[in-house]
Amino acid sequence: MGHMSSDFKQIEISWRTVFNTNTKNSMIYNGIEEANAFAKRAGYEFFSWNGRVYEVDGNQTEFLVSDISGDESE
């Protein structure tokens, strides 16, 4: 039987990997591009914007902020 390789990458969607733009200081972002830049500089893989989760390269994921469990302050 041949070896099968998987092209799937397992990702963790949690407040540890998602930069939360929905905070008391959310007014500091002048748009999604700036929020993305903040997340990237901080070393996050993902960031939230208007209830959705995006990769720091700008691609929208299938996840919503409501899909993230746990305390937002983690």
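The values are calculated or read from the model by the stated rules, or taken from the named source; none is laboratory data. The structure presented is a predicted model; accordingly, all values stated were derived computationally and were not measured. A quick note on method: Cβ atoms are made from the backbone with ideal geometry, for glycine too, and the neighbour counts reach across all protein chains shown.
If the condition is being surrounded by 11 or more Cβ atoms within 10 Å (Cβ to Cβ), aliphatic (A, V, I, L, M) and at pLDDT below 90, then the stretch 1-27 contributes I11, I13. Is it true that G70 is modelled with pLDDT of 95 or more, in a loop (DSSP other than H, G, I, E, B) and either in contact with an Asp or Glu (Cβ under 7 Å, 6 or more places away or on another chain) or exposed (fewer than 13 other Cβ atoms within 10 Å of the Cβ) (or both)? The answer is no for G70.
If only residues of the stretch 38-64 that are assigned to a helix (DSSP H, G or I) and within 12 Å of the chain's Cα centre (by Cα) are counted, the one that is modelled with the lowest pLDDT is F38.
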